[in-house]
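One structure is given here, and the rest of the page talks about it.
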Amino acid sequence: MQHRHFILHKPYGYISQFVSDKKKKKLLGELHEFPAGTMAIGRLDEASEGLLLLTTDGKTSELVRGKHVEKEYYAQVDGLITEEAIAQMQEGVAIGLYGEQYGTRPCTAFRLDTAPDFPERSRRIRDDRHGPTSWVSITISEGKNRQVRKMTAAVGFPTLRLVRVRIGNMQLEAFVPGTVTEVENFDLG
């Protein structure tokens, strides 16, 4: 069987699934005619956006989700993030995971000097009357449930918008949210 692989710019408001028992949820299958057996590699929650890989090959899925493949996120956070908060995330922070405390692995994190040029989100974040926001890049090699959101909250800067921009060597290109591209294989480097 010839496996197929897809790159998706997941828009805000969709869940990373093809079936759901929850009514009125937007599913990935509404964005493209995917072949039977297609699965999302990892997940982005309903409020998150960005690079999502899909495949019909379970081995490829397992490889991408592995700890040796970096995932980079841009997070818009509430407030002007401090160097101290960034250093805490770089060293690893304690987050809640299924009712237990979990210490995240060290990561790469830095403040973005300018806001990324992403398309406007379908649901507005908020306006400047509610205080300043800032953007941070966070690169992790693990992917626990809502990890990046929990990490920024743990250092006092809750995430307002989260966009995955890179998996391995694969970058989120200038796709329009909802764009699907079929590729021969994934460049994980």
PRE zone check, label point 7 Å out along Cα-to-Cβ of residue 111, amide N under 11 Å, scope region 136-157, hits 136
As a check on your grasp of the helix formula, calculate [θ] at 222 nm for the chain: sum -39500 (n - 2.57) over DSSP H runs of n ≥ 4, divide by the residue count, round to the nearest 500.
-3500 deg cm²/dmol
At the level of C-alpha centres, the distance separating region 1-71 and region 110-162, in angstrom, is 21 Å
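Using the heavy atoms of the protein chains alone and a 1.4 angstrom probe, what is the accessible area of region 49-189 per residue in square angstrom?
With all protein chains present, region 49-189 gives 54 Å² per residue.
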When the Debye formula is applied to the Cα atoms of region 71-167, each taken as the same point scatterer, what base-10 log of I(q)/I(0) results at q = 0.14, 0.25 Å⁻¹?
-0.49, -1.43
What is the list of residues in region 49-76 whose amide nitrogen lies under 13 Å from a point 7 angstrom out from the Cα of residue 3, following Cα to Cβ?
54-66
With +1 on the Cβ of every Lys and Arg and -1 on the Cβ of every Asp and Glu, and nothing else charged, how large is the dipole of the chain about its Cα centre, in debye rounded to the nearest 20?
700 debye
Under the 0.36 nm per residue contour assumption, what length would be gained going from the current alpha-carbon distance of residue 82 and residue 98 to full extension?
2.9 nm
Return the carbon/sulfur percentage of the accessible area of region 50-189, one whole number, probe 1.4 Å, all protein chains in place.
46 percent
Paired Rg and Dmax values of region 144-189, which use every Cα atom, in angstrom
14.1, 42
If the cut-off is 18 Å between C-alpha atoms, which lysines fall inside it for residue 25, apart from same-chain ones fewer than 8 positions away?
10
Simple spin-label model, 7 Å along Cα-to-Cβ: residue 20 to residue 145 in nm?
1.6 nm
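The values are calculated or read from the model by the stated rules, or taken from the named source; none is laboratory data. No experiment lies behind these values; they were computed from the predicted model shown. Every residue, glycine among them, receives a Cβ derived from its backbone with ideal geometry; neighbour counts consider all protein chains shown. Ligands, DNA and RNA are stripped out before the accessible areas are found, and what is left, the full protein with its side chains, is counted by its heavy atoms. Shrake-Rupley method; radii C 1.70, N 1.55, O 1.52, S 1.80 Å.
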